Amino acid sequence: MREYHARDIRNVAVVGHGASGKTTLVDALAFVSGSSKRHGHIKDGTTLTDHTPEEIERGYSIELGCAFAEWQDTKVNLIDAPGYLDFQGDAIAAVAAADGVICVVSAASGVEVGTVKMFQEATTRLDPILFAVTLMDKEHADFDRVYQQVKERLTNKVVPVEIPIGSGPTFRGVMNLFARKAYIYKAGTKTGEYTESDIPPEEQGRFDTYYQEMIEAVSATDDAMLERYLEGVEIGRDEAIHGMKEAMKRMDLYPLFAVSAEHVIGVHALLTELVQLMPSAYEMEEIHAFKGAEGDHTVEIHAVDTNPFAALVFKTHSEPHVGEVSYFRVFSGSVSNGQEFYNATRDTVEKMGHLCVAQGKERLEVPVLRAGDIGCVAKLKNTHTNDTLSTKEHPVRLPQIAFPEPVVSFAVHAASRNDEEKLQPGLHRLHDEDPTFETHYNAETHETIISGMGERHLEVAMARLKRKYNVVAELTRPKIAYREALTARADGQGRHKKQSGGRGQFGDCWVRFAPRARGAGYHFVDKIVGGVIPSNFRPAVDKGIQEASARGILAGYPLVDFEVELFDGSYHSVDSNEMSFKMAGILAFKTVAPKCRPVLLEPLDEVEIRVPEAYMGDVMGDLNQRRGRIVGTDSSGNGEGAVVRAIVPNSELHLYATDLNSLTHGHGTYTRRFHMYETMPNDAAQKVIAESAKHRKEEVEEA
């Protein structure tokens, strides 16, 4: 494999909804170019970029995969992005590492929610986008219908560049509007052999309509070209391609192509247009990186070989017997095999041993990678996703990829004692591979919590945990960190007396409990007058009450926001000690706290939901059923989107992401954050209290 410079490199992310044909298209592009020797198939588990056991078993992409196609003296780096929303973290990373995007749309299913979300992600990053209508050979394939859907739901700046000849089982070729030629493919050939011909007479009218539309669209993006077009001057092929490319860079046009990746129809032409229309790494605008490890000011990063080396790790993948493999994009300078570099993110020095480029699961060792290229390296000691690789002499930190926050959480438990010690290290390694998978320990509920983008995401994570780290784990609904509080004042005595021969134990205290404002916390007041309780024993009463309050009154949850006043008591000159008064404090709590009308507090979350306006009523109705309180709504007024803000009990939001996805057909998204604790309705509280009593009884019986 020869060395490529930035001008001869195209970095392209292939995105779209799940099952729209992205992986098969990447496989076909690499195969047709000759860079891959085998044309794989999803059903056989042999595609280039879906190679993990989890992907092969399920038949869809779970993590991004890297491949390349060498075509017309150009290297096209292809990043195959997962389509299902549970794995959108890797899809966002794929777009971040690329300079342009192929947005794949199924000719049968049309524009789906994953298509919309990834198109929005690409446009947010100002990336040139090319649409590919795939699966043209399948039943119910309809190019014209999909074209109209793209125009109506995504952008009215889309314009076909290649149109199909036939569809479904009769799909046999494409007509290229630039070349004004038809490419008729030979049935049954594995390499997509075709013959070039003039436009078939029966297709001439349709071709002319689309050709006129394309030329008008391209001409309209350039004043000089438009003037010549209006004067009747013919716009040549090269001029039209150049105009299209410049318009794509400004996001003024989005070309549309038709392909069947499985039968390799239209793939050759798509490769050619990728080289001609997609910007090279050199042509992309500079990136502003933070200069130095501290990042006190910024510096421009250009894709020039002679500039200092700077690269971003956009994916980390762990492999058995290999360890972690770091995939990175070189934004500036070059790096050689065996060269040391500086990780400015973690202030460590690493060595680039066995520098490679990835072709699916295969890695080809290369001597050097230059600006604009994508490569990978194994066994770095302390480098992870979103880290910047640079030099010690010119340290920089590139802008990090903004991964989405997890929306689904479960408690995770090791299935056996043998797995307990391996559970935490395994979970942390999964996070290193996938930043959208998070784990933490909840000290209040004594559970390890894992969070991800959906139930399917966490199910796959547990499968990886078992396969890679030999840890079997079970998922359960997380416990809710309820609290308890007082609503009335009361006082009473706590008296501890024990005599069993020799020196005894004696502690006696009188206390008064009172509620405090929510969030005010616990407060102990010493109101002892004289020496009825020696000063050195009074803190023990406080300690005993705090210890008892941590176990609560109603359901075993901590009692919060209350004041204790120690106002009387007595002691024995011989038998009294700190432990005796601590016990007296515990007994005082058990005596007085139940008389203060305790209530259960539940955590509330502030939820912000973004949905198309058509689903707004359904979402609000569902929130009401969850005991939610709507606090505000915003509507765009054009039917495109609405925001609903609500306060909802935490206990009602388990798997809300799944329910919202079902309710809005995948178009709804939400964020949540802790709001406050609030008194729980009595009927709901009684269920929690009864469940807690049942659980404590079971624990006693097991003991």
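Observations
- Global dimensions of the range 6-277 from alpha-carbon coordinates: Rg and Dmax equal 17.5, 60 Å.
- Across all directions, the average flat footprint of the convex hull enclosing the Cα atoms of the chain is 39.7 nm².
- Annotation: average projected area of the range 287-397 is 6.2 square nanometres, based on the convex hull of Cα atoms across all directions.
- Sequence-ordered 3J(HN,Hα) estimates for the range 391-406 from the Karplus curve with 6.51, -1.76 and 1.60 and θ = phi - 60° stand at 10, 5, 6, 10, x, 9, 10, 6, x, 7, 6, 8, 7, x, 7, x Hz, glycine and proline given as x.
- Looking at the range 384-468, the GluC sites (Glu not before Pro) that sit in a DSSP loop and have at most 11 other Cβ atoms within 10 Å of their own Cβ are 393.
- The DSSP beta bridges internal to the range 484-597 are antiparallel in roughly 75% of cases.
- Per residue, the average separation of C-alpha pairs within less than 8 Å and at least 6 apart gives the chain a relative contact order of 10 percent.
- With 21 Å as the limit, the listed pairs 151/186; 37/361; 22/361; 422/466; 543/697; 479/694 have 151/186; 543/697 beyond it between alpha carbons.
- In straight-distance terms, cross-link reach from residue 381 covers every one of the aspartates and glutamates whose alpha-carbon lies under 18 Å from its own, apart from those fewer than eight places away in the same chain; here that gives 319, 324, 340, 347, 350, 432, 433, 434.
- DSSP bridge orientation in the chain - percent antiparallel, rounded to nearest 5: 80 percent
- Legend: Rg and Dmax of the range 602-683, from Cα coordinates, 12.5, 42 Å.
- Around the amide H of residue 304, modelled in the peptide plane, lie the amide H atoms of 333, all under 5 Å away and 5 or more residues distant in sequence or on another chain.
- Computed on the range 134-286, with alpha-carbon pairs under 8 angstrom and 6+ residues apart, the relative contact order is 26 percent.
- Share of Cα-Cα pairs in the range 359-430 lying beyond 15 Å, as whole percent: 76 percent
- The range 187-247: trypsin sites (Lys or Arg not before Pro) in DSSP loop, at most 16 other beta carbons within 10 Å: 190
- Coupling constants for the range 144-151 follow from the phi torsions by the Karplus curve (6.51 cos²θ - 1.76 cosθ + 1.60, θ = phi - 60°), and in residue order they are 5, 5, 5, 4, 5, 4, 4, 5 Hz; glycine and proline get x.
- Coordinate range along principal axes, alpha carbons of the range 58-150, Å, largest first: 35, 34, 31
- The alpha carbon convex hull volume per residue for the range 126-203 rounds to 125 Å³.
- Loop sites in the range 336-390: trypsin sites (Lys or Arg not before Pro), DSSP, at most 16 other Cβ within 10 Å: 346, 361, 379, 381
- For the range 210-307, the Cα-based Rg and Dmax, in that order, read 18.7, 59 Å.
- Residue 258 long-range amide H proximity, modeled H, under 5 Å: 133, 162
- Nonlocal amide H pairs with residue 678, under 5 Å, H built at 1.01 Å: 602, 604
- Normalised by 2.2 N^0.38 Å, where N counts its residues, the alpha-carbon radius of gyration of the range 242-351 equals 1.43.
- Proximal aspartates and glutamates relative to residue 75, as straight alpha-carbon distance under 12 Å, when same-chain residues fewer than 8 apart are discounted: 3, 8, 373
- Dipole moment magnitude, nearest 20 debye, the range 287-397 about Cα centre, only Lys, Arg, Asp, Glu C-beta charged: 200 debye
The numbers here are math on the coordinates, done by the rules we state, and not lab data. As the structure is a computational prediction, the values presented were derived from the model and not from experiment. As a convention, Cβ positions derive from the backbone with ideal geometry for all residues, glycine included, and neighbour counts pool all protein chains shown.
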